[in-house]
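The structure appears right after this line, and notes come after that.
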Amino acid sequence: MAAINCHQCIYVFVTTFFVAAAIVLVPTTCTAQLTSDFYKQSCPQALQIIRSVVKRAINREARMGASLLRLHFHDCFVNGCDGSILLDDADSFTGEKTAGPNLNSVRGFDVVDDIKAALNRDCHGNVVSCADILAVAARDSVEILGGPSYSYEVLLGRRDATTAVLNDANRNLPAPFFAFSQLLSSFQSHGLDLQDLILLSGGHTIGLARCTTFRARIYNDTNIDPEFAASLQKGCPANGGDNNTAPIDSTTTHFDTVYFKSLLQKKGLFHSDQELFKSDGSDSDNLVQHYANSPQDFKVDFGASMVKMGNIKPLTGSDGEIRLNCRKIN
Ligand code: HEM
Ligand SMILES: *[C@@H]1O[C@H](CO)[C@@H](O)[C@H](O)[C@H]1NC(C)=O
Ligand SMILES: *[C@@H]1O[C@H](CO)[C@@H](O)[C@H](O)[C@H]1NC(C)=O
């Protein structure tokens, strides 16, 4: 029953009912599923177009790959992968961009605008959703910074939200000061498990973070390499310099397993990163250890967790809309 829409689903249900009384195998709830070939008819070149704009943006500034990956995460964790993070403030709502976890840190909106403009032009109309753009741009970024073996197939067919709620972004995104149990419940509340938490946190193998997000850790945490803390303190004073950035791992433009290796050495940048490895023999410790030493498994499993995250509450069928401009509703 892969990839059928709700009409087909009801049809199959009814037909099966009259053909055979054995009905138990037919699902009674119809949720349209995402599919990898969603734009095959409507815009066969969509994925290539997105990829070429992402590639250009990363060539201009390698960090952009990290920023695009994070945008998809921050989209999916707030009422599902519905492009809501892209909405500017409007008369009828205040968007998510100024919520605590996003303010002064989410970036990449101009690149999304470029992608959307290229798609609207080359697909001869408004066909590809902003939510799908984020999912594809995240995958392309990972692949461009990690190489072809970090690739995975993205599922498509999401539609775009027609509203955004600032406080939902405050409530639903995990914070860098979270303890392990808070991180796990945050992920579980989105249908993700411990393994997804470890793998997706591996997204921190690329990108930068502002001093304000790790200051408490480098001055007050005990589960941190002292030399690592001291070197970060130089760029992140106890007072001021909130916007100064530091690399999240030591190879910020390479999608690799250095992030996990750093955790083994107590060199996680965020308190939340180091919570995943505390040398206490926990399942979490074992997973970090495993991925630090198994780049091959990380490559494959990261993609699977990204697909899972990309499946969080998508709008499908006739729900939502395809936004003409990712920053505002039609
Ligand atoms: C597990 C809970 C997570 C927490 C607490 C967290 C927290 C943060 C924080 C505080 C920053 C820096 C923001 C700033 O400078 O203000 C950051 C950056 C980043 N995060 Fe996370 N994050 C988490 C999970 C994830 C996930 C699941 C992904 C993607 C799969 C991700 C990808 C990124 C990337 C790529 C950056 C760097 C962005 C850039 O350089 O523009 N994070 N994260
Ligand atoms: C940090 O940067 C933002 C713009 O990204 C600016 O509005 C804010 O005032 C800056 N904060 C400090 C403490 O410099
Ligand atoms: C470190 O902890 C002390 C005592 O709890 C607190 O007063 C101080 O503000 C903390 N420093 C940072 C940078 O968080």
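The values are calculated or read from the model by the stated rules, or taken from the named source; none is laboratory data. What you are looking at is a predicted structure, and each value in this text was computed from that prediction instead of being measured. Backbone-built Cβ (ideal geometry, glycine too); neighbour counts: all protein chains shown. These area figures cover heavy atoms from the full protein model, side chains too; ligands, DNA and RNA do not enter into them. Shrake-Rupley method; radii C 1.70, N 1.55, O 1.52, S 1.80 Å.
Kindly check whether there is at least one residue in the stretch 123-139 that is hydrophobic (A, V, I, L, M, F, W, C), surrounded by fewer than 19 Cβ atoms within 10 Å (Cβ to Cβ) and farther than 21 Å from Asp37 by Cβ.
Scanning the stretch 123-139 turns up no residue that is hydrophobic (A, V, I, L, M, F, W, C), surrounded by fewer than 19 Cβ atoms within 10 Å (Cβ to Cβ) and farther than 21 Å from Asp37 by Cβ.
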Considering residues of the stretch 243-254 that are open to solvent by 70 Å² or more (accessible area, probe 1.4 Å) and within 16 Å of ligand 2 (Cβ to nearest atom) only, the residue nearest to Gly268 (Cα to Cα): Thr245
Pairs with Cβ under 6 Å, 6+ apart, first in the stretch 97-110 and open to solvent by 30 Å² or more (accessible area, probe 1.4 Å), second not in a helix (DSSP H, G or I): Pro101/Leu173
Wholly enclosed helices (runs of 4 or more DSSP H) of the stretch 192-294 bearing at least 1 residues without any contact (Cβ under 8 Å) to a residue 12 or more places away in the chain: 211-220, 226-235, 283-293
Any hit, the stretch 218-227, residues being open to solvent by less than 40 Å² (accessible area, probe 1.4 Å), closer than 21 Å to Val106 by Cβ and not basic (Lys, Arg): no
Sole exception among (1) open to solvent by less than 40 Å² (accessible area, probe 1.4 Å); (2) of a type outside the set (Val, Ile, Thr); (3) over 19 Å from Ala179 (Cβ atoms); (4) within 16 Å of ligand 2 (Cβ to nearest atom) for Asn239, by number: (1)
Pairs, first assigned to a helix (DSSP H, G or I) in the stretch 43-59, second among the hydrophobic types (A, V, I, L, M, F, W, C) and open to solvent by 80 Å² or more (accessible area, probe 1.4 Å), C-beta under 8 Å, six or more apart: none
Odd one out for Gly317 among (1) part of a helix (DSSP H, G or I); (2) open to solvent by 40 Å² or more (accessible area, probe 1.4 Å): (1)
